[in-house]
Amino acid sequence: MTAPPPRSVSRRTVLRGAATGAVLLAATPALPLVAGCGTLGFGTDTDHLRALGASLRDGPEGPRLAASGLTGVTRPVVDEATLFEALDLLDDQVRADLAAGRTVLGNGWLLADTEAVALVAYARS
């Protein structure tokens with residue numbers, strides 16, 4: 001009997017999990033860890049994906065990313081739900097970017113160019 005293949009976790013699942021974790025932390029201010037976040041420079045009301053987009057926008061690749069468009073996305077990326085809808089639509093482009101080495105490093109994350117462009121658009125809203 002062969003073992004089933006190991007499950008893999010998509011990059012989008014990790015991003016969604018990070019956003020969900022931030023919301024859960026913000027919703028539980030009674031925890032001492034969360035209460036101390038403000039003194040560490042991590043406000044509990046921070047949208048981490050928007051902050052990552054702003055960091056990319058203000059970084060060395062920012063002008064190029066800001067000038068790039070999201071081909072095939074018709075709605076502005078104004079909230080987290082629209083961001084993930086756009087990334088779902090652009091999944092093939094994200095995979096192509098990663099395969100071709102078209103990537104950007106932002107806050108320790110290695111992102112496909114398309115993901116970075118979407119995050120920069122989200123940070124602008």
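If you check D47 against the conditions, is it surrounded by 15 or more Cβ atoms within 10 Å (Cβ to Cβ) and modelled with pLDDT of 95 or more? Here the answer is no, as D47 does not meet what is asked.
Note on the range 87-121: residues that are within 15 Å of L52 (Cα to Cα), of a type in the set (S, T, N, Q) and surrounded by fewer than 21 Cβ atoms within 10 Å (Cβ to Cβ) amount to 2. Here the helices (runs of 4 or more DSSP H) wholly within the range 48-98 that include at least 1 residues being in contact with a Gly (Cβ under 6 Å, 6 or more places away or on another chain) and within 12 Å of E115 (Cβ to Cβ) are 48-58.
For the range 64-81, a residue qualifies if it is without any contact (Cβ under 8 Å) to a residue 12 or more places away in the chain and surrounded by 13 or more Cβ atoms within 10 Å (Cβ to Cβ), and exactly one does: R64.
The values are calculated or read from the model by the stated rules, or taken from the named source; none is laboratory data. All of these numbers come straight from a predicted model, not from anything done at the bench. No Cβ is skipped: glycine too gets one built from the backbone with ideal geometry, and neighbour counts run over all protein chains shown.
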